[in-house]
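Visitor: Before I ask anything, here is the structure I am working with.
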Amino acid sequence: MALCFGDLHLSLRPPVARSAEVDWLESQEKQVAQLRKLKEKYECPILFAGDLFDRWNANSECVNWAIKHMPEMIGVYGNHDLAYHQKEDIRKTSFWTMVEAKKIILLRPGKPLAIGPLLLFGFPYGTPVRPYKGPNTLALKIAVVHSYLWTKGTGHPGANPEHRLKAYRERLVGYDIAVFGDNHKTVFVPS
């Protein structure tokens with residue numbers, strides 16, 4: 001078992017849609033507290049699919065708050081976690097501070113990570129998703145991906161056809177589960 005989420009977009013100020021919130025850090029703490037409680041209750045890892053902060057260079061107060069409150073997790077960076085979407089500069093970001101603080105174990109492309117019965121594969125923002133072609137194993141193979149994913153009726157005008165679910169099906173061959181960040185909402189995939 002694992003908890004999976006993405007797109008937290010931590011910040012000191014609420015987004016426009018939540019501008020009525022009196023204390024935004026307190027509101028975010030409620031969400032984070034739920035994660036911590038579930039992790040403790042089920043004694044399982046948290047898989048994170050990117051966009052921890054709303055900006056790559058989050059305010060120091062926000063980063064310090066995250067170090068104090070976020071549970072440890074395993075995951076990938078998203079487009080908001082990168083300076084100008086440049087993955088080569090990941091070490092200059094607030095996300096990387098969380099890696100250095102040992103709050104995030106970064107799933108690196110091409111380097112699966114075994115955690116108990118799970119075999120985790122990371123596909124951070126800008127990394128092509130490739131099918132699993134490794135040995136047959138009893139481990140549950142999970143792809144953790146930060147990439148927009150859409151189905152008929154959920155895309156937007158101009159959405160890249162390569163990010164449509166049916167285009168991902170071939171790329172996800174061999175994985176038992178795929179967790180996607182970047183959509184900002186749940187996309188249920190029919191069997």
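Visitor: Looking at (1) of a type in the set (S, T, N, Q); (2) farther than 30 Å from Cys62 by Cα; (3) part of a helix (DSSP H, G or I), which one does Thr97 not meet, given that it meets all the others?
Guide: All conditions are met except number (2).
Visitor: Given the residues Ile104, Ile177, Ile142, which is the only one that is at pLDDT 90 or above, of a type in the set (Val, Ile, Thr) and either open to solvent by 20 Å² or more (accessible area, probe 1.4 Å) or over 17 Å from the mean Cα position of the chain (by Cα) (or both)? Give the derivation first.
Guide: Details: Ile104 fails: either open to solvent by 20 Å² or more (accessible area, probe 1.4 Å) or over 17 Å from the mean Cα position of the chain (by Cα) (or both); Ile142 fails: either open to solvent by 20 Å² or more (accessible area, probe 1.4 Å) or over 17 Å from the mean Cα position of the chain (by Cα) (or both).
On inspection, the qualifying residue turns out to be Ile177.
Visitor: Here are the criteria: (1) open to solvent by less than 40 Å² (accessible area, probe 1.4 Å); (2) part of a loop (DSSP other than H, G, I, E, B); (3) touching a helix residue (DSSP H, G or I) at 6+ places or on another chain (Cβ under 8 Å). Tell me which single one Val32 does not satisfy.
Guide: Of (1) open to solvent by less than 40 Å² (accessible area, probe 1.4 Å); (2) part of a loop (DSSP other than H, G, I, E, B); (3) touching a helix residue (DSSP H, G or I) at 6+ places or on another chain (Cβ under 8 Å), only one is false for Val32: (2).
Visitor: Residue by residue through segment 35-55, note down the ones that are farther than 26 Å from Lys92 by Cβ and not in a loop (DSSP other than H, G, I, E, B). Talk me through it step by step, then tell me what you get.
Guide: First pass over segment 35-55, keeping only residues farther than 26 Å from Lys92 by Cβ: 35-45.
Those that are farther than 26 Å from Lys92 by Cβ and not in a loop (DSSP other than H, G, I, E, B): Leu35, Arg36, Lys37, Leu38, Lys39, Glu40, Lys41, Tyr42.
Visitor: Applying the selection to segment 1-29, what residues are within 18 Å of Asp182 (Cα to Cα) and in a loop (DSSP other than H, G, I, E, B)?
Guide: Within segment 1-29, Gly6, Asp7, Leu8, His9, Ser11, Pro15 qualify.
Visitor: Scan Cys4, Cys62 and give me the residue that is within 20 Å of the chain's Cα centre (by Cα) and either at pLDDT below 95 or open to solvent by 80 Å² or more (accessible area, probe 1.4 Å) (or both).
Guide: Numbers: Cys62 fails: either at pLDDT below 95 or open to solvent by 80 Å² or more (accessible area, probe 1.4 Å) (or both).
When all the criteria are applied, what remains is Cys4.
Visitor: Let me ask you something else. Could we say that Pro45 is at pLDDT 95 or above and either more than 27 Å from Ala178 (Cβ to Cβ) or surrounded by 14 or more Cβ atoms within 10 Å (Cβ to Cβ) (or both) here? Break it down into steps so the answer makes sense when it comes.
Guide: Working: at pLDDT 95 or above: yes; either more than 27 Å from Ala178 (Cβ to Cβ) or surrounded by 14 or more Cβ atoms within 10 Å (Cβ to Cβ) (or both): yes.
Taking the combined requirement at face value, the residue satisfies it.
The values are calculated or read from the model by the stated rules, or taken from the named source; none is laboratory data. Remember, it's a predicted structure, so these values are computed and weren't measured experimentally. So basically every Cβ, Gly included, is an ideal-geometry build from the backbone, and we count neighbours across all protein chains shown. Protein only, heavy atoms only, side chains kept; ligands, DNA and RNA dropped before computing areas. Shrake-Rupley method; radii C 1.70, N 1.55, O 1.52, S 1.80 Å.
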